[in-house]
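Okay, structure first, notes after.
What follows draws every value from the coordinates through simple rules; no lab data is involved. Predicted model only: the values in this text are computed from it and were never measured. Positions of Cβ are backbone-derived with ideal geometry, glycine not excepted, and every protein chain shown enters the neighbour counts.
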Amino acid sequence: MVVRESPTVEYKESVTPTFLKTVSAYANYGTGKIEFGVDDEGVVVGLADPVAECLRIENMINDSLDPAPRYTLEPDEKHGTVILTVYEGQDKPYRSKGKAYRRNDSATVEVDRFEYGRLTLEGSNVTFDALTSARQDLSFHTLEHKCVEHLGISELTSDILRTLRLLGKDGYTNAAAILADKNDFPGIDCVRFGDTEDVILDREAATNVSAIEQADRAVAMFARYYRYERIEGMERVQTDRIPLEAFREAVANALVHRTWDVRANVQIALYDDRVVVTSPGSLPAGLTTEQYLYGQISVLRNPIVAEAFLKLDYIEKFGTGIARIRRAYRDSINQPIFDVRGGMVAVTLPVTDAFEGSEEEVQVLKALSGGRIMSRSEIEKQTGLSRMRTLAALESLLERNAIVRQGTGRATKYERS
């Protein structure tokens with residue numbers, strides 16, 4: 001099977017200078033391969049002399065890339081191909097003719113000035129929140145109140161600010177400004193929609209204020225619309241239609257991992273059946289989508305802000321946010337959706353209202369959770385149900401408009417409504 005071009009694989013029929021941009025992209029953002037002697041469709045067309053081309057490639061990289069990245073070359077004389085593997089480096093930014101590049105799916109594009117600045121910081125092993133703040137007239141009443149409550153201190157002193165890495169030898173850091181009562185940073189925008197997105201029922205914007213206040217105001221608005229009380233015997237029991245733990249984690253993650261140098265707010269859209277938390281900025285460099293989704297590793301974009309949120313109990317432990325959200329939905333048919341694309345990360349938290357149906361119907365709905373589209377045979381394999389039980393559950397769910405059918409015949413597939 002032919003493997004198409006991707007963020008980590010590029011094909012080149014011949015050796016031309018255009019491949020140098022992709023070398024820059026891989027060295028800056030993640031290891032990848034360039035296969036020479038292969039056309040755009042993945043078909044081998046061959047090079048006349050792969051060994052000689054290896055020398056050309058090596059000379060072109062050493063002459064054009066600054067600094068020179070680490071790479072390997074594998075000539076295949078039998079098929080007339082050369083595989084160039086470029087490894088992500090630590091001395092970023094890696095530039096080709098003075099410009100730095102990144103991969104955008106299967107294309108290579110020049111980075112903008114914000115991305116270039118982040119690469120420079122990363123190459124210097126410095127994070128944005130560790131830089132000295134341009135604004136030094138900062139106050140910390142909100143932060144002090146939280147520290148007194150959670151850390152057992154009587155007041156927020158300069159020594160404690162230094163311990164939290166909010167105060168350095170040159171003054172307050174960007175992390176301090178992000179947590180200060182007033183600042184020049186963006187914030188959150190919470191909107192409660194009606195039947196359509198044209199109908200706005202409520203709005204809560206919190207900008208140029210402490211990230212702590214932003215998180216608290218988001219939770220307060222959440223409670224207005226998704227928390228209610230029900231009577232059980234002689235007691236009033238508080239219930240959340242969406243798990244509060246999942247919402248708090250999604251908001252905290254958005255604030256901790258967002259790109260603070262971009263003038264965009266964290267968007268929190270509240271619908272009747274779901275909440276969507278969208279954070280500006282792609283995943284931190286070095287963190288893949290798979291690692292993000294399955295919590296295999298935690299790469300912190302703003303480690304000082306993250307540490308403060310950890311100490312103040314807004315997050316439980318580094319690298320466990322997605323797992324905590326999933327755990328909050330472990331008994332729910334409706335499951336959260338995580339969407340990573342372009343310059344944003346979005347988390348959709350559906351309501352957990354109970355579904356009244358047969359055990360087989362519940363199993364089918366769970367199989368189709370998370371936006372999955374599956375055939376009958378795939379559902380059978382996922383649930384372990386027999387063909388007849390799967391068909392019966394599907395027909396019942398179709399009648400109740402809980403799922404929809406796509407295609408016909410062998411191409412028929414199902415998804416949640």
For n ≥ 4 DSSP H runs only, could you compute -39500 (n - 2.57) per run for the chain, divide by its residues and tell me the 222 nm figure to the nearest 500? -10000 deg cm²/dmol
Can you pull out the GluC sites (Glu not before Pro) in region 133-176 whose DSSP state is coil and whose Cβ has at most 12 other Cβ atoms within 10 Å? E155
Footprinting exposure proxy for Y294, Y226 (fewest neighbouring C-beta atoms within 10 Å first): Y294, Y226
May I ask you to list the trypsin sites (Lys or Arg not before Pro) in region 1-46 that are in a DSSP loop and have at most 16 other Cβ atoms within 10 Å of their Cβ? R4
Going highest first, how would you order 372-379, 176-183 by mean Cβ packing within 10 Å? 176-183, 372-379
Over 22 Å between alpha carbons, listed pairs K146/K182; K169/K317; K182/K317; K33/K78: K169/K317; K182/K317
Would you list R56, R274 from fewest to most Cβ contacts within 10 Å? R56, R274
Taking a ≥ b ≥ c as the square roots of the Cα gyration tensor eigenvalues, with a/c under 1.5 meaning rounded and otherwise prolate when a/b beats b/c or oblate if not, the chain comes out oblate
Please give the peptides 129-140, 227-238 ranked by average Cβ packing (other Cβ atoms within 10 Å per residue), highest first, as a rough proxy for protection. 129-140, 227-238
Rank the residues V404, V362, V345, V251 as a footprinting-exposure proxy: fewest other Cβ atoms within 10 Å of their Cβ go first. V404, V362, V345, V251
Packing-ranked peptide list from 207-220, 382-395, highest mean Cβ count within 10 angstrom first, is 207-220, 382-395
